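The values are calculated or read from the model by the stated rules, or taken from the named source; none is laboratory data. Please read these numbers as outputs of a predicted model, since none were measured by experiment. Don't worry about glycine lacking a Cβ; one is built from the backbone with ideal geometry, like all the others, and counts go over all protein chains shown. Heads up: the accessible areas ignore ligands, DNA and RNA and are worked out on the full protein's heavy atoms, side chains in. Shrake-Rupley method; radii C 1.70, N 1.55, O 1.52, S 1.80 Å.
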Amino acid sequence: LCLSLSTPLPFDSPKEFTSGDITQKGYEKKRSKLIGAFFPQTPGKTERAPVTPSSSSRYHRRRSSGSRDERYRSDVHTEAVQAALAKNKERKMAVPMPSKRRSLVVQTSMDAYTPPGGGGTCFSREGSISMERWINRAIHGTSSTTTTTSSTASSSSSSTRSGGCKSCLLCLGCVGTNQNPPPLPLFLFSHIPENHSAPPDVTGYTNNTADGIQVERAPGAGTAAQRPTPKYGNAELMETGDGVPVSSRVSAKIQQLVNTLKRPKRPPLREFFVDDFEELLEVQQPDPNQPKAEGAQMVATRGEQLGVVTNWPPSLEAALQRWGTISPKAPCLTTMDTNSKPLYVLTYGKLWSRSVKVAFNLLHKLGTKQEPLVRPGDRVALVFPNNDPAAFMTAFYGCLLAEVVPVPIEVPLSRKDAGSQQIGFLLGSCGVTVALTSDACHKGLPKSPTGEIPQFKGWPKVLWFVTESKHLSKPPRDWFPHIKDANQDTAYIEYKTCKDGSVLGVTVMRISLLTHCQTLTQSCAYTEAETIVNVLDFKKDVGLWHAVLTSVMNMMHVISIPYALMKVNPLSWIQKVCQHKAKVACVKSRDMHWALVAHREQRDVNLSSLRMLVVADGSNPWSISSCDAFLNVFQTKGLKPEVICPCASSPEALTVALRRPVEEGSTPPGRGVLSMQGLSHGVIRVDSEEKLSVLTLQDVGAVMPGGTMCVVKPEGVPQLCKTDEIGELCVCTVATGTSYYGLAGMTKNTFEVFPVTNSGAPVSEFPFTRTGLLGFIGPGGLIFVAGKMDGLMVVGGRQHNADDIVATALAVEPMKFVYRGRIAVFSITVLHDERIVVVAEQRPDSTEEDSFQWMSRVLQAIDGIHQVGVYCLALVPSNTLPKTPLGGIHLSETKQLFLEGALHPCNVLMCPHTCVTNLPKPRQKQPEIGPASVMVGNLVSGKRIAQASGRDLGQIEDNDQFLFLSEVLQWRAQTTPDHVLYTLLNSRGTIASSLTCVQLHKRAEKIAGMLAERGHLQDGDHVALVYPPGIDLIVAFYGCLYAGCVPITVRPPHPQNIATTLPTVKMIVEVSRSVCVMTTQLIFKLLKSKEASAAVDVRTWPPVLDTDDLPKKKPPLLYKPSNPDTLAYLDFSVSTTGMLAGVKMSHTATSAFCRSIKLQCELYPSREVAICLDPYCGLGFVLWCLCSVYSGHQSILIPPSELEVNPSLWLSAVSQYKVRDTFCSYSVMELCTKGLGLQTDSLKARGLDLSRVRTCVVVAEERPRTALTQSFSKLFKDLGLHPRAVSTSFGCRVNLAICLQGTSGPDPTTVYVDMRALRHDRVRLVERGSPHSLPLMESGKILPGVRIIIANPETKGPMGESHLGEVWVHSGHNASGYFTVYGDEALQSDHFNSRLSFGDTQTVWARTGYLGFLRRTELTDASGERHDALYVVGALEEAMELRGMRYHPIDIETSVIRTHKSITECAVFTWTNLLVVVVELDGSEHEALDLVPLVTNVVLEEHYLIVGVVVVVDIGVIPINSRGEKQRMHLRDGFLADQLDPIYVAYNM
């Protein structure tokens, strides 16, 4: 279907194929952007669309740049990203934008959006960027200079340069290049009629008619546009085949997606197919051309000697004692309030005296003298806020003096703080019973009403101990702390949060603590009384080491800047440096960035006093940009370049490396510009030619004094790396942590590593500590860090660093889309490989359009720079990601929320098609083996041919001599006139009405009289019976038989829902060629009502007779049928695939059917049977209307609709009437399971007893729902229900009941088959509980007189036992054919009279259209034969062919429903080879987007399929028929015609 653009485009459709539709109830078409005026191409002159920056970001969007944490933003990198994006200059990736319901859109994308490039959408054929080309570029990195200027980019699907198809919408392959395109079929233009309540157009968007271009209607488009598209579930829609495009935005999007996905993925899938069981996932084969390390083996590098200076103290406590006594007035710490005013100055004298006081109180004032609560060596928690370093220092040194081990942790803000549970676990494992805190902090903790501090989630019970002096007792004069030299005892425990969120405690010995302070003193050349400004967290890491420990060793003065002050005044630290002429400052790159953003207001900044600026996160590859930018700006303010000292540290190895402040004028520090491609293979390659994907690193100085460093392979044996290989840095020095507290195994792997050379010889006899940092040692012994082990993601065998990906994402938008730079990147494992997930907070004012554009560009940038696909990109509202105590993103909590489906994103884009490259190979169908060979093969291998039959119909009893049901009724009315045949119950469980044999006969006679008198009918005329479930229906049916008419039972329209239910009634009446309709007075009024005339044309109804007041007189004489092969009645039903099909039932078949059921269920006049089924078609109708008359038993009729009022109605009736046999549908069973689940005890108390039930049969036309029947059996076991009583039946259109669990046969069996084998049409039995196993329950026993065979649906050859094939049936009660109007019986004729192509070629079989298999069981049936069980797998029509395999929708749906508690129902179908998954959401609409990744993951993991579209809808949107079966084809038609009103539609890339 091609649209030639030599004439202007005929669309005046509202935004038909564009990117950003937002759904709203009834899809009021958003009439904002018409697919605009297309320029006609004049030969000789091509107009190029102007290249404009996306959405004119440079001019409109100058927002203050201070709103984002730019630790990642390097200018070099931004340029690289811009260049990568500019490689294909178009700014908008043609991703089908998801559809979203209005309520989900924070701000509509129209109000705040001006189309990029100004007004119109002029794009020439060169300008229109094609989706395919974009994907191509993204995949193969080819440069293509296509541009586009408008959001219409995604509409033009493929534009080729060679002429021919200039812009195909829905390009289904153009015929030839320069031929005229075929004429456009009308249905492309039949739009939904314009809704007059559509919102006004607010876009201010002008159509370019000024250029003199007329937008004309296409010839023929006008005629079609008037026809309204039929509503959901209508007749015309039922037959939409796969090949017929449906006019809708949805199909255009899907087409666009299909075009996108036609491209090969990056690793070419090798073309070979294995037709055996091991569906091998593709293993990523190493690329032969990938870079490999070629250098020599590295040599461990030594740091300089640690020169111990004579006056260095023997321990830290000794240093404190010394300074506290010899210079008590020297300032130790100045704290600030949020106004930058000094709050408090702590002197060394005060620190000493207070620490002694804390030590004394800890040891002597807690517990009793005999039983002190805290003893030396015990662990205590330190809980201090970030604005009170003085109290923290006092407490920390108090612990050191008391020889108690402090465990500094964050203040728990609430009981459910992110990560507080894991901290509690750490405290518990350390045996902490006391928590030290400050007065203010203690007051701020959450309290219970009694004033108690509640126990925090996961915490042990702790005693809170306030360390303020006024609360403590003074130590006696003679009490002094015992000050030892530093030894091997534990000094403190620093907590560390791992990648998975667990918290470990790293123990640091006193000797390590002291040595570490000494190495820092030597590296930083600290001297007494220097001033140091600290912005870092003083409780751990670099802040603790420099500003609490090393500062005291050297009697330095620390000026502490709290985080709260930095938030208010980012320049505060620089002001303090100037004010105090500080020599040293400890910061993170974010503090430098914030200062840069705010420095303009400041005039008198002078940083010449600084000799050292320690950058704590200097090892983060992206800190280099902040360092450069900071130097750039502040060099003019006296900052010397050599002052910036990046450092690398880790909780385990403490300070790993620190660049020294060098003398002026010496060589500047080193830079490494490395290829990302090389790094992803763990190899160092200095990048020269391709400047796009590079990582620039700065060195972090040399090895620390007294230490040795080497680089080892991150995984496996700690073998030394080569010189050009990235590995994990390991250090050997006294100054590291010694263990993870209480975790001996992990400790061994981290703190006791012995690196080995290639030959296997250890490098040193001393153990090394793994630092958790990845990097290498460069020339001159300089250390470069390229990433953290925690941030490492291995995708398809290549390594990527989370920080690098964050940086690329942040560099994408100069227009600051991400809120404060808050991005989390992590990987999840799906289908045996890691997949990258990017979660970002978006600014509150960003529009849909912005966010989608940002997402598509991030995908391009990450693909271009890292050559890796992003599996899922999610945007959440600002400030909603879980935070760490200092305001960062809590990564593991975020990941946890993502996996649990509790993240609540506002936008999601999944790209499984581009990322998942390790799917099993598609299966190629083997050439069919001929049926004869199959049969011979089976004989040779000793396999039986799969066939089975029910028992014979046996002798004829007294009522069996009648060929016609009408004769049986007359005979019963004479012989047993007062025997009750039918009892109808109402919702209260009382008898609404009943019928004896004679009453039924008399009333049927009157109906026949009425038909003859009022209807003037001839015999053989068709009469539609539109009755509610009840007695009237039965009477009317026999009345028709008495009058010689052919009855058709039709479900009445639903009074609340006439618009959708009445057209179906009308259609059945028309299709069945009924000459008259019989009904009750109530429905008669409904059919003629105003509402009815709105839904259908009321004038075309045939005559409608109301049977409530019957004539008194009897008909002259009853009709005597002569030929038993004539029609008895027509059975109309909507099949699971949504096809309305009527089948013809002859008198012979009807009698044979009743006889078969009578024998199977042993029905006699003395029996009572309870029936809770819809009486309109199939077995339900036969049991409700026919069987009692034939067998004489009493039927207790329970309309299923009454159960909605009273769910226990059916089971109460079964109990009350002591019924042995009962029939129900799945919907009834589900209603009972859900509605009575919690009431079994009260029902038991009311005396409900189900112990007499022999058979409880579910009437169905599908694979038995084992989960439902089992839960029903378990639930009602307490009420006496025997689990073996519950079973199912199986029928279909060609034969309304093939199997039905009888009374005498063996119990129904269940087998477990391999789901993967089923996809290959094979049956492989496995043990229960084995992976990929699927339980299949036998569909009841084969009815008497029925023969079954399993045949190959293609070759029609017989299949062997336990092979999957189509179930064929031969029986006296087969229907005799479809009743169709148009005489196209030829199409369906082989459904009713097929013959095998080999073997028994004489018998005529009916094809059921269901796949199944027969299996001979160990059980014996009544006749002593071994019993053959039939297992139904699913309908052939519903099965989906994907990747060469056959999938049954129910299996995928079962997996999906399991993934999230809010998914109540699911239905899947395919559209042009894409799998569409529709889920019903039971929850708030904001949960809708959480489901998209979960659904995609589970289908990949369990079925090896990639979901193309995920549709989230409200409860009740998935249509079901009366038997409770999903109507997936109706759903599909509704989806394609845009009638589902989805909450969210996600198109997976």
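Region 1403-1456 holds strands (runs of 3 or more DSSP E) entirely within its bounds, and those carrying 1 or more residues that are among the aromatic types (Phe, Trp, Tyr) map to 1406-1420, 1426-1435, 1445-1447. Within the set LEU1250, LEU1203, the sole residue that is touching a residue at least 24 places away in the same chain (Cβ under 8 Å) and assigned to a helix (DSSP H, G or I) turns out to be LEU1203. Only a single criterion out of (1) within 30 Å of LEU1500 (Cβ to Cβ); (2) open to solvent by 10 Å² or more (accessible area, probe 1.4 Å); (3) of a type in the set (A, V, I, L, M, F, W, C); (4) assigned to a strand (DSSP E or B) is not satisfied by LEU859, namely (4). It is to be established whether one or more residues within region 605-625 are free of Cβ contacts under 8 Å to residues at least 24 places away in the same chain and either under 25 Å from GLY303 (Cα atoms) or out of contact with any Asp or Glu (no Cβ under 6 Å at 6 or more places or on another chain) (or both). No, the conditions are met nowhere in region 605-625. For region 1324-1335, the set of residues classified as touching a residue at least 12 places away in the same chain (Cβ under 8 Å) and either buried (at least 24 other Cβ atoms within 10 Å of the Cβ) or out of contact with any Phe, Trp or Tyr (no Cβ under 9 Å at 6 or more places or on another chain) (or both) consists of HIS1332 only. Within the option set LYS443, LYS416, being basic (Lys, Arg) and either modelled with pLDDT of 85 or more or under 20 Å from GLY505 (Cβ atoms) (or both) holds for one residue only, LYS443.
The selection criterion, being open to solvent by less than 10 Å² (accessible area, probe 1.4 Å), assigned to a loop (DSSP other than H, G, I, E, B) and touching a residue at least 24 places away in the same chain (Cβ under 8 Å), does not hold for VAL358. Total residues in region 1470-1503 satisfying the condition of being outside any helix (DSSP H, G or I) and crowded, with 22+ Cβ neighbours inside 10 Å: the figure is 6.
Only one of GLY772, GLY760 is assigned to a strand (DSSP E or B), open to solvent by 10 Å² or more (accessible area, probe 1.4 Å) and either under 26 Å from CYS721 (Cα atoms) or aliphatic (A, V, I, L, M) (or both); which?
When all the criteria are applied, what remains is GLY772.
Taken over region 585-626, the criterion of being out of contact with any helix residue (DSSP H, G or I) (no Cβ under 9 Å at 6 or more places or on another chain) and open to solvent by 30 Å² or more (accessible area, probe 1.4 Å) is satisfied by ARG600, GLU601, ARG603. Taking the listed residues GLN799, GLN698, the one that is in a strand (DSSP E or B), surrounded by fewer than 22 Cβ atoms within 10 Å (Cβ to Cβ) and of a type outside the set (A, V, I, L, M) is GLN799, with no other qualifying. Could you please give the count of residues in region 1159-1211 that are of a type in the set (Asp, Glu) and under 20 Å from LEU953 (Cα atoms)? So the answer is 1. The residues listed here are VAL345, VAL358, VAL309; of these, the one that is touching a helix residue (DSSP H, G or I) at 6+ places or on another chain (Cβ under 7 Å) and hydrophobic (A, V, I, L, M, F, W, C) is VAL358. Counting only strands (runs of 3 or more DSSP E) wholly contained in region 1069-1155, the ones carrying 1 or more residues that are among the small types (Gly, Ala, Ser) and buried (at least 17 other Cβ atoms within 10 Å of the Cβ) occupy 1127-1134, 1140-1146. Condition check: basic (Lys, Arg), open to solvent by less than 50 Å² (accessible area, probe 1.4 Å) and touching a Lys or Arg at 6+ places or on another chain (Cβ under 9 Å). Does ARG1263 satisfy that? So ARG1263 does not fit the description; no. crowded, with 22+ Cβ neighbours inside 10 Å, over 25 Å from SER649 (Cα atoms), of a type in the set (A, V, I, L, M) and in contact (Cβ under 8 Å) with a residue 24 or more places away in the chain: does that describe ALA786? Here the answer is no, as ALA786 does not meet what is asked.
Within region 1287-1313, the set of residues being out of contact with any Lys or Arg (no Cβ under 8 Å at 6 or more places or on another chain), open to solvent by 10 Å² or more (accessible area, probe 1.4 Å) and outside any loop (DSSP other than H, G, I, E, B) comprises just one member, THR1310. For region 1020-1063, filtered to residues that are β-branched (Val, Ile, Thr) and out of contact with any strand residue (DSSP E or B) (no Cβ under 9 Å at 6 or more places or on another chain), the residue that is surrounded by the fewest Cβ atoms within 10 Å (Cβ to Cβ) is THR1060. Screening ASN311 on (1) under 48 Å from the mean Cα position of the chain (by Cα); (2) under 29 Å from GLY706 (Cβ atoms) shows it passes everything except condition (1). All conditions in (1) surrounded by fewer than 21 Cβ atoms within 10 Å (Cβ to Cβ); (2) more than 19 Å from ARG1523 (Cα to Cα); (3) among the small types (Gly, Ala, Ser) hold for SER1215, with the sole exception of (1).
Residue under question is LEU1159, and the condition is that it be open to solvent by less than 10 Å² (accessible area, probe 1.4 Å) and either within 23 Å of ARG1265 (Cα to Cα) or aliphatic (A, V, I, L, M) (or both); does it hold? Spelling it out, it is not the case that LEU1159 is open to solvent by less than 10 Å² (accessible area, probe 1.4 Å) and either within 23 Å of ARG1265 (Cα to Cα) or aliphatic (A, V, I, L, M) (or both). Looking across region 814-849 at every residue that is open to solvent by less than 10 Å² (accessible area, probe 1.4 Å) and of a type in the set (Asp, Glu), the one that is farthest from the chain's Cα centre (by Cα) is identified as GLU849. Please tell me if PRO342 is modelled with pLDDT under 95 and touching a strand residue (DSSP E or B) at 6+ places or on another chain (Cβ under 6 Å). When the stated conditions are applied, PRO342 passes them.
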